[in-house]
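S.K.: Below is the structure I would like to discuss, written out as structure tokens.
The values are calculated or read from the model by the stated rules, or taken from the named source; none is laboratory data. Here the structure is a predicted model, which is why all the values come from computation and not from measurement. Cβ sites come from the backbone with ideal geometry, for glycine too, and all protein chains shown count toward neighbours.
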Amino acid sequence: MPISETSKAAPDANVSIAPMAIPGLIDPVPVARDITARADGRIDLLGLPRLTIADMFAEAGLDAKAAKLRAKQVYHWLYHRGVTSFDAMTDIAKTMRPWLAERYVIGRPEIVVSQHSEDGTRKWLLRTDDGHEFEMVFIPDEARGTLCVSSQVGCTLNCRFCHTGTMRLVRNLTPGEIVGQVMLARDALGEWPKAGQPDLAELTDELVDDDGGYSPDGRLLTNIVMMGMGEPLYNFDNVRDALRLVMDGAGLALSKRRITLSTSGVVPMMARAGAEIGVNLAVSLHAVSKEVRDEIVPINRKYGIDELLAACAAYPGASNARRITFEYVMLKDKNDSDADARELIRLIKHYRLPAKVNLIPFNPWPGAAYECSAPDRIRRFSEIVFEAGISAPIRTPRGRDIDAACGQLKTAATKMTRAELDRLADEKQAALG
Ligand code: SAH
Ligand code: SF4
């Protein structure tokens, strides 16, 4: 339901969190992260951390001890068990449940379209409360099931091969809208723990940082990649807060080793991402010369390849066991020569990066200025990198029958002409300065 100005409850000074300004580029329409009531006056708990929930319960009249206990219980049911009704919270007294239901709800992003590909890939077009659409994709294979999560509606950047880059940035997604994607996927896959399964929440309040937790066992959804719509490091606070709920052993309990954050190269935020989130890092490199990267990944004009690779070398936790992934989209006659492959090797070795390279066949879309490299070219590129001792698998395109590539489902609804795309590119580049 849309939130109208008049229906907003007065923001609470204790729990309001200022929106983060986006450095340098076009700022999105700021969305205050105040905790506001819905039109019916109730507050959505999705995306709130335990301490905030406890503060809210205390504000609403519980004494400090009761607020803390109830918050712990509600947090457990909310993120660990995935319930959306207070009636399902069986360890909370029956008399207490109406008190909660009168004041709070547990929401989910709304599903606009849900598609299932022949190869098992699933894709959802989702909608925020205020009517903005964004995407989520689930990609199962033999070894794992990966959920591709969006961080923004649209993107401020304008990578020339990316469909999301053709959209204006509408706004950052909130922590609730980000963690809500993972929760919706668990709903859809039927993967919330059942009563009687071991309960990690009883054992630890720590972040889960290895695979010793119980989350991956027997589940389809084992991994998360922040590779949907948007640039996660331009929505740092919300992405961090959402991923903390995902990694919390008392929350969704997914190991940080199973989560990857992909950035186009927002260099000033990379150290903070390592320190405050600590998940695996993927970097959308896509080119090895200034000239080509400036063209296809325009943020390169602001933070160049050397700066970017130096930030990768300093990324905490990167090691041979936890390598940095370099994403490299294969564009015909643009970045796919033998010389490009050799320069890629040189750069990785020069910066002594524990790296692997993901070669991504370009997924074409109407109006795109590039073509995908021929299969033989991609294979040769991969071999050259492999021969230098760097893993360089070719990613198989998935879910092509349902347009499962970044930004394509949403954009299918809003087709732009080439002239409109160029105009938008000019606007975004002007903002890059
Ligand atoms: N903004 C972040 C994360 C989202 S994009 C980033 O740029 O890293 C996730 C990945 O999909 C990026 O590596 C991006 O370059 C790639 N990608 C986008 N459009 C693509 C297309 N049409 N074909 C192949 N890969 C694409
Ligand atoms: Fe934005 Fe990433 Fe697409 Fe570039 S590749 S436009 S950073 S979503």
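This table checks each residue for (1) polar (S, T, N, Q); (2) closer than 12 Å to Cys159 by Cβ; (3) modelled with pLDDT of 95 or more.
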| residue | (1), (2), (3) |
| --- | --- |
| Ala287 | no, yes, yes |
| Arg293 | no, yes, yes |
| Asn300 | yes, yes, yes |
| Leu309 | no, no, yes |
| Ala341 | no, no, yes |
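S.K.: Restricting to region 215-237, name every residue that is within 16 Å of ligand 2 (Cβ to nearest atom) and assigned to a helix (DSSP H, G or I).
M.R.: Pro232, Leu233, Tyr234, Phe236
S.K.: A follow-up question, please. Pairs needed: first member in region 350-372, more than 13 Å from ligand 2 (Cβ to nearest atom); second member anywhere, at pLDDT 90 or above and of a type in the set (Asp, Glu); C-beta distance under 6 Å; at least 6 residues apart or different chains.
M.R.: Asn358/Glu327
S.K.: Among the residues of region 353-369, is any touching a helix residue (DSSP H, G or I) at 6+ places or on another chain (Cβ under 9 Å), part of a helix (DSSP H, G or I) and either among the β-branched types (Val, Ile, Thr) or not assigned by TED's automatic domain parsing to the domain that holds Asp141 (or both)?
M.R.: no
S.K.: While we're on this one: So Leu184 clears everything in (1) more than 26 Å from Asp401 (Cβ to Cβ); (2) surrounded by fewer than 22 Cβ atoms within 10 Å (Cβ to Cβ); (3) modelled with pLDDT of 95 or more except one condition, right? Which one?
M.R.: Only one criterion is unmet by Leu184, namely (1).
S.K.: I'm checking my understanding of the structure. Among residues of region 149-159 that are near ligand 1 (Cβ under 8 Å from one of its atoms) and farther than 14 Å from Phe236 by Cα, which one is nearest to the chain's Cα centre (by Cα)?
M.R.: Residue satisfying both the conditions and the ranking: Leu157.
S.K.: Listed residues Leu309, Leu245; which is more than 13 Å from ligand 2 (Cβ to nearest atom), part of a helix (DSSP H, G or I) and within 24 Å of Arg144 (Cβ to Cβ)?
M.R.: One residue alone meets the criteria, Leu245.
Let's see how each residue does on (1) within 20 Å of Leu254 (Cβ to Cβ); (2) within 22 Å of the chain's Cα centre (by Cα); (3) not acidic (Asp, Glu):
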position: Lys65; (1), (2), (3): no, no, yes
position: Arg70; (1), (2), (3): no, no, yes
position: Thr84; (1), (2), (3): yes, no, yes
position: Ala93; (1), (2), (3): no, no, yes
position: Gly107; (1), (2), (3): no, yes, yes
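S.K.: While we're here: Restricted to region 119-162, and to residues that are touching a Ser or Thr at 6+ places or on another chain (Cβ under 9 Å) and more than 23 Å from Asn223 (Cβ to Cβ), which residue is farthest from ligand 2 (Cβ to nearest atom)?
M.R.: Thr128
S.K.: Shifting gears a bit: Within region 249-272, restricting attention to residues that are under 14 Å from the mean Cα position of the chain (by Cα) and within 12 Å of ligand 1 (Cβ to nearest atom), which residue is surrounded by the fewest Cβ atoms within 10 Å (Cβ to Cβ)?
M.R.: Across region 249-272, the extreme among qualifying residues is Thr260.
S.K.: Restricting attention to region 96-118, report how many residues are part of a loop (DSSP other than H, G, I, E, B) and out of contact with any Ser or Thr (no Cβ under 9 Å at 6 or more places or on another chain). Break it down into steps so the answer makes sense when it comes.
M.R.: As a first pass, look at region 96-118 and keep what is part of a loop (DSSP other than H, G, I, E, B): 106-109, 117-118.
So of that shortlist, the ones also out of contact with any Ser or Thr (no Cβ under 9 Å at 6 or more places or on another chain) come out as 117-118.
So the answer is 2.
S.K.: Out of everything in region 273-287 that is within 16 Å of ligand 2 (Cβ to nearest atom) and part of a loop (DSSP other than H, G, I, E, B), what residue ends up being surrounded by the most Cβ atoms within 10 Å (Cβ to Cβ)?
M.R.: The qualifying residue surrounded by the most Cβ atoms within 10 Å (Cβ to Cβ) is Leu285.
S.K.: Which condition number does His76 fail, the rest of (1) touching a residue at least 60 places away in the same chain (Cβ under 8 Å); (2) in the same structural domain as Gly176 (by TED's automatic domain parsing); (3) within 19 Å of Pro175 (Cβ to Cβ); (4) not in a loop (DSSP other than H, G, I, E, B) being met?
M.R.: (2)
S.K.: Taking region 229-248, which residues are surrounded by 24 or more Cβ atoms within 10 Å (Cβ to Cβ) and of a type outside the set (A, V, I, L, M)?
M.R.: Gly230, Glu231, Pro232, Tyr234, Asn235, Asn238, listed by residue number.
S.K.: Closer than 18 Å to Arg342 by Cα, within 16 Å of ligand 1 (Cβ to nearest atom) and of a type outside the set (A, V, I, L, M, F, W, C) - does that describe any residue in region 302-313?
M.R.: Within region 302-313 (the criterion being closer than 18 Å to Arg342 by Cα, within 16 Å of ligand 1 (Cβ to nearest atom) and of a type outside the set (A, V, I, L, M, F, W, C)), the answer is no, since none of the residues qualifies.
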